[in-house]
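Novice: The structure follows.
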Amino acid sequence: MKRQLESYSFNKLEIKTLKEIAKGNNSLYMLREALAIKPNLLSYVLKRLLQKGMVKVEKKEEGPKKYVYFDNSKHASLFRELLLKYDHIKWENILSGLAIDVLFQILDKTETTLRSFSKTTFWRYARNFMSHGIIMKTSDDSYEINPRFAILKDFLIEYQRFLMNSIVRSVSASTVILWQRDFECLIRVSKNIDVSRREFLRTATSRFNDLGIPLISDFDLYFYSKKKHVIQVEDVILHTLLIEKGNPRYTLYSLLLLKKQWRRIDK
């Protein structure tokens, strides 16, 4: 069965549209002509790119015409730089479909542990990346992004950060990300915020009362993950240490919980 693409994935037309914008074809008319598409399809593409934080639409004071430019966000600026520096590469054939997912896994060194798609699918995309020199094999037989394409790596890092910020801001505008890796993060929210999404799991010091150590706090801590469904004692300890690395108070809290619950630790 064909895997449904994530909303952050790009299709070929979206990338072609971004290439035209990078070239300076900024008016809606110029984009329609360059891409040879109808207005309703262009509107759909621009809506998707707006949701990804890639573009912004502006209206000139002297007339009704609308113009499209790259957004000022870091990931959008880096993608524009990538398109301009490597304008000879057909990025629409490289970064569309599941490509961003595959590159995220390579970036985060999770290509051997995650099973978001089959090994055959992973290899098909990896082979295409390697044929263009975008990724390379390492000494431990994993993959990494070729330093020559450092702009692409920087884009992926910033795009992932943008996506995670969008997710946590859906909880509350005041949400603070304390730690992030891949599509997982530890967040701090005010106690009066109702966090109902199942991907957010209460953790760290917010679980201490449940585990026999009374603590009073004016905020709650949650771990966001699509892979994890249950928070174990060892997760609570690790997440407590991640609240503020090197802070002796949280180190002490972790040691107290470890001493009290060591029999429940998965060894």
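Novice: Just checking, which of Asp194, Asp182 is among the acidic types (Asp, Glu) and either more than 24 Å from Ile157 (Cα to Cα) or modelled with pLDDT of 95 or more (or both)? Before the answer, list the steps.
Specialist: Working: Asp182 fails: either more than 24 Å from Ile157 (Cα to Cα) or modelled with pLDDT of 95 or more (or both).
Answer to the selection: Asp194.
Novice: Can you tell me which residue is surrounded by the fewest Cβ atoms within 10 Å (Cβ to Cβ) among those in the stretch 66-92 that are touching a helix residue (DSSP H, G or I) at 6+ places or on another chain (Cβ under 6 Å) and among the aliphatic types (A, V, I, L, M)?
Specialist: Within the stretch 66-92, the first condition is being touching a helix residue (DSSP H, G or I) at 6+ places or on another chain (Cβ under 6 Å), and the residues that meet it are 66, 68, 70, 74-75, 78-84, 91-92.
Within this subset, residues satisfying the condition of being among the aliphatic types (A, V, I, L, M) are 68, 78, 82-84.
Numbers: Val68: 24, Leu78: 21, Leu82: 21, Leu83: 20, Leu84: 12.
Restricting to residues being touching a helix residue (DSSP H, G or I) at 6+ places or on another chain (Cβ under 6 Å) and among the aliphatic types (A, V, I, L, M), the top hit is Leu84.
Novice: Those residues that are assigned to a loop (DSSP other than H, G, I, E, B) and either of a type in the set (A, V, I, L, M) or not assigned by TED's automatic domain parsing to the domain that holds Leu103 (or both), I need them from the stretch 141-169; list them, please.
Specialist: None - no residue of the stretch 141-169 is assigned to a loop (DSSP other than H, G, I, E, B) and either of a type in the set (A, V, I, L, M) or not assigned by TED's automatic domain parsing to the domain that holds Leu103 (or both), so the list stays empty.
Novice: Here's another thing I want to ask about it. For the stretch 1-84, list the helices (runs of 4 or more DSSP H) that sit wholly inside it and hold at least 2 residues that are touching a residue at least 40 places away in the same chain (Cβ under 8 Å) and in contact with a Leu (Cβ under 8 Å, 6 or more places away or on another chain); which are they?
Specialist: Details: elements: 12-23, 28-35, 39-51.
The qualifying helices (runs of 4 or more DSSP H) are 12-23.
Novice: Sticking with this one: For residues in the stretch 226-267 being of a type in the set (S, T, N, Q) and more than 14 Å from Leu178 (Cβ to Cβ), which is modelled with the lowest pLDDT? Give the derivation first.
Specialist: Here is the first cut: in the stretch 226-267, the ones of a type in the set (S, T, N, Q) are 232, 240, 247, 251, 254, 261.
Checking the rest, the ones that are also more than 14 Å from Leu178 (Cβ to Cβ) come to 232, 251, 254, 261.
Details: Gln232: 94, Thr251: 95, Ser254: 94, Gln261: 85.
Top of the filtered list is Gln261.
Novice: Another question, then. Restricting attention to the stretch 165-189, which residues are buried (at least 19 other Cβ atoms within 10 Å of the Cβ) and in contact (Cβ under 8 Å) with a residue 60 or more places away in the chain?
Specialist: Phe183
Novice: Turning to a different aspect of this structure: For the stretch 38-56, which residues satisfy the criterion of being farther than 17 Å from Lys23 by Cβ, surrounded by 12 or more Cβ atoms within 10 Å (Cβ to Cβ) and touching a helix residue (DSSP H, G or I) at 6+ places or on another chain (Cβ under 7 Å)?
Specialist: Within the stretch 38-56, Arg48, Gly53 meet the criteria.
Novice: Further question on the same structure: Checking the conditions here, which among Lys16, Lys23, Lys2, Lys38 is at pLDDT 95 or above, of a type outside the set (Phe, Trp, Tyr) and within 18 Å of Leu98 (Cα to Cα)? Before the answer, list the steps.
Specialist: Working: Lys23 fails: within 18 Å of Leu98 (Cα to Cα); Lys2 fails: at pLDDT 95 or above; Lys38 fails: within 18 Å of Leu98 (Cα to Cα).
The match here is Lys16.
Novice: Go through the stretch 155-174 and give me each residue that's closer than 13 Å to Gly53 by Cα and basic (Lys, Arg).
Specialist: Arg161
Novice: Another question about this same structure. From the set of residues in the stretch 174-196 that are in a loop (DSSP other than H, G, I, E, B) and under 18 Å from the mean Cα position of the chain (by Cα), which is nearest to Lys228 (Cα to Cα)?
Specialist: If we filter the stretch 174-196 for residues that are in a loop (DSSP other than H, G, I, E, B), which is where we start, we get 174-175, 182-183, 191-196.
Cutting the leftovers down to under 18 Å from the mean Cα position of the chain (by Cα) gives us 175, 182-183.
Details: Thr175: 21, Asp182: 13, Phe183: 11 Å.
Top of the filtered list is Phe183.
Novice: Counting only residues that are touching a Lys or Arg at 6+ places or on another chain (Cβ under 7 Å) and in contact (Cβ under 8 Å) with a residue 60 or more places away in the chain, how many does the stretch 112-164 have? Spell out how you get there, then give the answer.
Specialist: At the first step, the residues of the stretch 112-164 found to be touching a Lys or Arg at 6+ places or on another chain (Cβ under 7 Å) are 117, 133, 142-143, 145, 151, 158.
Keeping just the survivors that are in contact (Cβ under 8 Å) with a residue 60 or more places away in the chain gives 117, 151, 158.
Residues in the stretch 112-164 being touching a Lys or Arg at 6+ places or on another chain (Cβ under 7 Å) and in contact (Cβ under 8 Å) with a residue 60 or more places away in the chain: 3 in total.
Novice: Now for a separate question. Being of a type in the set (A, V, I, L, M), under 19 Å from the mean Cα position of the chain (by Cα) and assigned to a helix (DSSP H, G or I), is that true of even one residue in the stretch 113-125? Give the steps one after another, and end with the answer.
Specialist: Applying the first criterion (of a type in the set (A, V, I, L, M)) to the stretch 113-125 yields 114.
Adding the requirement that they be under 19 Å from the mean Cα position of the chain (by Cα) leaves 114.
After this cut, where a residue has to be assigned to a helix (DSSP H, G or I) as well, the list is none.
No: the stretch 113-125 contains no residue that is of a type in the set (A, V, I, L, M), under 19 Å from the mean Cα position of the chain (by Cα) and assigned to a helix (DSSP H, G or I).
Novice: May I pose another question? Step by step: first the residues of the stretch 197-242, then only those that are part of a loop (DSSP other than H, G, I, E, B) and of a type in the set (Gly, Ala, Ser), then the one that is farthest from Leu252 (Cα to Cα). Which residue is that?
Specialist: Of the residues in the stretch 197-242, the ones part of a loop (DSSP other than H, G, I, E, B) are 197-199, 203, 208, 212-218, 225-232.
Checking which are of a type in the set (Gly, Ala, Ser) leaves us with 212, 217, 225.
Details: Gly212: 15, Ser217: 16, Ser225: 26 Å.
That would be Ser225.
The values are calculated or read from the model by the stated rules, or taken from the named source; none is laboratory data. Predicted model only: the values in this text are computed from it and were never measured. Glycine gets a Cβ as well: all are built from the backbone with ideal geometry, and neighbour counts include every protein chain shown.
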